[in-house]
1. Return the residues of the range 222-239 that are open to solvent by 20 Å² or more (accessible area, probe 1.4 Å) and either part of a helix (DSSP H, G or I) or basic (Lys, Arg) (or both); say none if nothing qualifies.
2. Filter the range 119-159 down to residues that are within 15 Å of residue 70 (Cα to Cα) and among the aliphatic types (A, V, I, L, M) and give me whichever is surrounded by the fewest Cβ atoms within 10 Å (Cβ to Cβ).
3. Report, by residue number, each residue of the range 63-94 that is open to solvent by less than 30 Å² (accessible area, probe 1.4 Å) and among the polar types (S, T, N, Q).
4. Among helices (runs of 4 or more DSSP H) lying entirely in the range 97-215, which contain 2 or more residues that are closer than 22 Å to residue 10 by Cα?
5. So the check is Cβ under 6 Å with 6+ separation or different chains; which pairs have a first residue in the range 118-136 that's within 19 Å of residue 170 (Cα to Cα) and a second one that's modelled with pLDDT under 95 and open to solvent by less than 20 Å² (accessible area, probe 1.4 Å)?
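The values are calculated or read from the model by the stated rules, or taken from the named source; none is laboratory data. Bear in mind that the values here come from a model prediction, so they are computed numbers and not experimental data. Cβ placement follows ideal geometry from the backbone for every residue including glycine, while neighbour counts extend to all protein chains displayed. Only protein heavy atoms, including side chains, enter the accessible area calculation; ligands, DNA and RNA are left aside. Shrake-Rupley method; radii C 1.70, N 1.55, O 1.52, S 1.80 Å.
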Amino acid sequence: MEEEKKQQLERWLAESRATVFFGGAGVSTESGIPDFRSQDGLYQTQYHYPPEQIISHSFFLQNPEEFFEFYRKKMIFPSAEPNAAHRRLAALEAQGKLQAVITQNIDGLHQLAGSRNVLELHGSVHRNYCTRCRRQYDLSFVLERGGVPRCACGAIVRPDVVLYEEALDAETMDRAVEYIAGAEVLIVGGTSLSVYPAAGLLHYYRGNRLVLINRTETAYSTRANLEFREPIGTVLAEG
């Protein structure tokens, strides 16, 4: 990593009172959670059905037993801990410099690190609800029960996670647009910016301090004011 670029990032963070972070799977890989689309990730594993099909709305309705078997084994990582990137973002928020974390991840590690204003575009494994009476359940309820978890009313308890074929929450998206549009510094980390509609949020950024942190090139690389091809924990770590 070029020290001059790191110093520039730190100057921008020190000057800004409206920094926003937008992150993807690469933020969590440094906590041991595999990226869906990496060479060794979820989409490369072999099952009777493609993973994209298993974590779809229609598959959940038609094959809940197989859905939950896959979900527990491949999408929940209860022992994962926040890494340096999560901790730095939480510290920036506590200092009044970071307005919001907008994440595509469902693991809850930003909150575990101490971040308070987290917009979870794809939901969270830590929230679950009855499909009939809407009673709320925590992650331990799903983990401790074999097969299909069911509410006291008898209906299936499902994760509050956006599955394929389901729309993102409109209110969360509206809030994300508002934060990004008003950001002085926008840090985008750990995402290839290839998953829509979430990736389209960057169109709303109006500033000139766009920071990209990703191991590979992204669709916005030519528009970045600063770009790092380093691990995000290394870039954001205080030093």
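1. The initial filter retains those residues of the range 222-239 that are open to solvent by 20 Å² or more (accessible area, probe 1.4 Å), namely 222-225, 227, 229-231, 234, 237-239.
Within the range 222-239, 222, 223, 229, 234 meet the criteria.
2. Once the filter is applied, the top-ranked residue is 143.
3. 83
4. On the way: elements: 109-113, 139-144, 170-181.
Filter on the range 97-215 gives 109-113, 170-181.
5. 121/198
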